[in-house]
Amino acid sequence: MTPIRLMSGFFTVGGWTLMSRVLGFVRDAMILAYLGTGPLYQAYVVAFRLPNMFRRFFAEGAFNMAFVPMFSKRLEGEQDPDGFASDAFAGLATVLIILTLLAMAAMPWLIYGLASGFAGQEQFGLSVEFGRIAFPYILFISLAALLSGMLNAAGRFAAAAAAPVLLNILLVSAMAGAAWIGGDIARALVWAIPVAGVVQFALLWIAARRAGFALKLKRPRLTPDMRRLIKVAIPAALAGGVVQVNLLVGQQVASYFDKAVGWLFAADRLYQLPLGVVGIAVGVVLLPDLSRRLQAHDEAGAKTALSRAAEVSLALTIPAAVALVIVPFPLVSVLFERGAATVDDTAAIAVAVAIYGLGLPAFVLQKILQPVFFAREDTRRPFHYAVVSMVVNAALAIGLAPVIGWIAPAIATTVAAWLMVALLRVGARQYGDVARFDGRFHSRIWRMVIASAVMGLALWWANVALSPFLGLDWWRALALVVLIAIGMISYFGVAHLIGAIKISEVRQALGRSR
């Protein structure tokens, strides 16, 4: 087989994802500064999350988890991968066009289903308007996701990883332009969303052509391959989108508390930075690699790939989780507290960030463990685990809300994430030794925990020492930079000393195929 360079692909996807998330923070900071956390912001949150929810199901859920393994195996076996992709493209486009038309007609009911607490308030009408404008984004971004899957299966990760950068560039530009001419910033922001979808699709279509893929536009056909794809994709859609479903349940609960939808959304954006850079990046690269190795009967290589993906992910995720729990207030204050966003908003968002931080390793582990099943075209077991996780999430979010208020959804999401990991870990045992982490992983994971604990103590001490500066507008950004530097030096220094991370291995991995 032609191997995928696992570590090189991880750093390629992670690097572009980091750039996208940094621009995403610029975007979110501008939105909060211009719109605050009032009706316009809450309407934007619901309208933007709506097509993204369906994107996670149709694109990153069904087609990343079902299409990629099937396409990878055809690519590895030279079994007409272009024909298979063309049929999938035609079928997906047809479903998405119908879905888009139905959703735009039924938008008031969709908004009520997502945020019934908005009923009778200004943000309900705004959410319907913004939702109709933004929803066509799903058509273009889901087709772009299929093209991304083709490129990823071939070991070409750059274009697919770079595409989200365009979304944030366009949204930031739209807001800046509207502010400069004195226009309607909120509507400029929302109209830029479907435009960004078209641009991302165009970029990936060109990239796929340059990679040698020849997609043909044809009418949809229900071939045996498409029947198999649908059979695998339906449970994959739910299993791959469980985090989004849990967040949407939380949004429904939060809509009954003033400003809570905006607070949880901002907190979600913050913890999504390490999740995107680490968890999603590794998942994107690991799935086609496992699929192709299993097709080539390279079980030893599959186990090594799984173990190195988990090792690298947790080496970065565990300290990130500790930082989110220890110093959420300085992070939120510097990133979001300006313009119409107040210190009260910062305090509320910081609480949610700390709770999501406790679940961050679980969110990342899901991205590592799910490919163990999906690479074998087994989507039913993850689907069953997802159902259990969602039931627990809904029960906790709804049950705790009358007792502890708007923060209940964040607690429920974190608990449900760890439950999902436990179920995936137990379920993977059926595949034998190839689905287990190797001895090197087990020897290093506890060292990562120790290094992260030392970093947490250093951050706590530094946060106390720098607290007088964190309350000053001109100094808080510099104080945060100092906190980040202390955290990185303490973690990587201790990790290197006790053998949790070896820089030489990372350099070596980047220079060879895995």
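Read the figures in this text as sums done on the coordinates, not as results from a lab. From a predicted model like this one, the values you see are computed outputs, not experimental measurements. Note that we place each Cβ from the backbone using ideal geometry, even for glycine, and neighbour counts take in every protein chain shown.
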Exercise. Using the alpha-carbon centroid of each, what span in Å lies between segment 420-454 and segment 86-136?
Worked result: 40 Å
Problem set entry | Pairwise Lys count, the chain - Cα closer than 25 Å, eight or more residues apart or different chains | 11
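Given 20 °C and 1.002 mPa s, how large is the Stokes-Einstein diffusion coefficient of the chain in µm²/s, with Rh as the Kirkwood radius over Cα pairs?
Working: Rh = 23.4 Å.
Once the numbers are plugged in, D ends up at 92 µm²/s.
Which order do the peptides 67-75, 329-337, 397-405 take when ranked by the mean count of other beta-carbon atoms within 10 Å per residue, highest first? Don't jump to the answer; show the numbers that get you there.
Working: 67-75: 24.1, 329-337: 22.6, 397-405: 14.0.
Ranked by mean Cβ neighbours within 10 Å, highest first: 67-75, 329-337, 397-405.
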Problem set entry | Of the DSSP H helices in the chain, those whose Cα atoms cover at least 20 Å axially and whose Kyte score averages 1.0 or more | 6-35, 81-105, 137-153, 158-181, 185-210, 299-326, 343-374, 380-404, 408-427, 476-498
For this session: Taking 7 Å along the Cα-to-C-beta vector as the label spot, tell me the Ala179-Val95 distance in nanometres, rounded to one decimal.
Result: 4.0 nm
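Could you work out the relative contact order of the chain, using alpha carbon pairs under 8 angstrom and six or more residues apart, expressed as a whole percent? It would help to have the intermediate numbers written out before the result.
Working: 798 pairs, mean separation 114.6, N = 514.
Dividing the mean separation by the residue count of the chain yields 22 percent.
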Problem set entry | Net charge of Cβ neighbours under 15 Å - reference Gln121; Lys, Arg +1; Asp, Glu -1 | -2
